[in-house]
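Down below is the structure, laid out as structure tokens.
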Amino acid sequence: MEINRKKVKQYFTGKSQLGPLILILVGILTAALIVGIFLIIGGIIWFLYNKFSADLSGQSEVDAARAYEIDQAKLRAKEKLNVIDEQISFVDPVIVSGRGYQPEYVGNIIAAKGLSNLFKRLFGSAKAKKNKKDYEDPIYMARIGSDGVYRCSLMSTSVFMFGEKQLYIYYSNVDLATGVVYSEGTHEYFYSDINAMTFLQNKEKVYNFKKKRYEGILFECVKIYASGCNYTATLFTDLDKSVVEKEFTGMRNLIREKKNA
């Protein structure tokens, strides 16, 4: 499956409006001529097309990128943990995704501050300065789409797989705008070593630029406490309701059963 990463990035940053603005400016300078009027109209149409096409096509492309990276995480989970389907068939694997996190080192990036709201609206929702030598560094960007769904550019994925005696966990942090996996790792817990699990919910305020207001977005996390180390998986829902009960019921029951055996 081929993902258009450029569209994914443009969904968060916005398409460059420099071309339409230049066209409009040239039209204004030549307004005395008939061609100037056509240039102004053409620039306005181009401006509006860039603004709305990035939103509509970008949403579906971000969703496709998210689904693709989740599928890739499933494959890497089995490879990294060296397990086969027969070993993890006790309960269906649980795969959750949530907000990713910015890597510890992202080059000489300075988040753009002090830009006017007009500039942000014209040239995109997120801008940054960087040295020419830097790579496409992952900058965390997020927005609420026209469909009311919260999307972010960096995504964390956790894959829970269940063996006869062990809980297998694979996790990754990926940039949807480039497809780069910036970090990944695994955990293996014996059921007998798991001391507790907690499921937390937190509603945060996220600004919706289209509706010009803040909206409450539900975020959740799952924490596993075991002898020697702990693990936390973050996840978010597309709707204003919990997915923890639905996704983790089988996991809860299996761990309780193994602990009591």
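The values are calculated or read from the model by the stated rules, or taken from the named source; none is laboratory data. Just so it is clear, the structure is predicted and the values come from calculations on it, not from any experiment. Protein only, heavy atoms only, side chains kept; ligands, DNA and RNA dropped before computing areas. Shrake-Rupley method; radii C 1.70, N 1.55, O 1.52, S 1.80 Å.
Taking all protein chains as they are arranged and a probe of 1.4 Å, the heavy atoms of PHE199 leave approximately 50 Å² accessible to solvent.
The order of VAL35, VAL222 by accessible area, most exposed first and with a 1.4 Å probe, is VAL35, VAL222. Taking θ as phi - 60° and the Karplus parameters 6.51, -1.76 and 1.60, the scalar couplings of the range 218-224 work out to 8, 10, 9, 8, 10, 10, 10 Hz in sequence order, x denoting glycine and proline. When the listed pairs LYS80/LYS203; LYS205/LYS259; LYS165/LYS223 are checked against a 27 Å cut-off, the alpha-carbon distance exceeds it for LYS80/LYS203; LYS205/LYS259.
Using a probe of 1.4 Å on the protein chains alone, the accessible area found for LYS223 is around 60 Å². Applying the Karplus relation 6.51 cos²θ - 1.76 cosθ + 1.60 with θ = phi - 60° to the range 167-183 yields 3J(HN,Hα) values of 9, 9, 10, 10, 9, 8, 10, 10, 8, 5, 6, 10, x, 7, 8, 7, 7 Hz, where x marks Gly and Pro. Counting only heavy atoms of the protein chains and using a 1.4 Å probe, ARG5 has close to 50 Å² of accessible surface.
Sort LEU23, LEU176 by heavy-atom solvent-accessible area, probe 1.4 angstrom, most to least.
LEU23, LEU176
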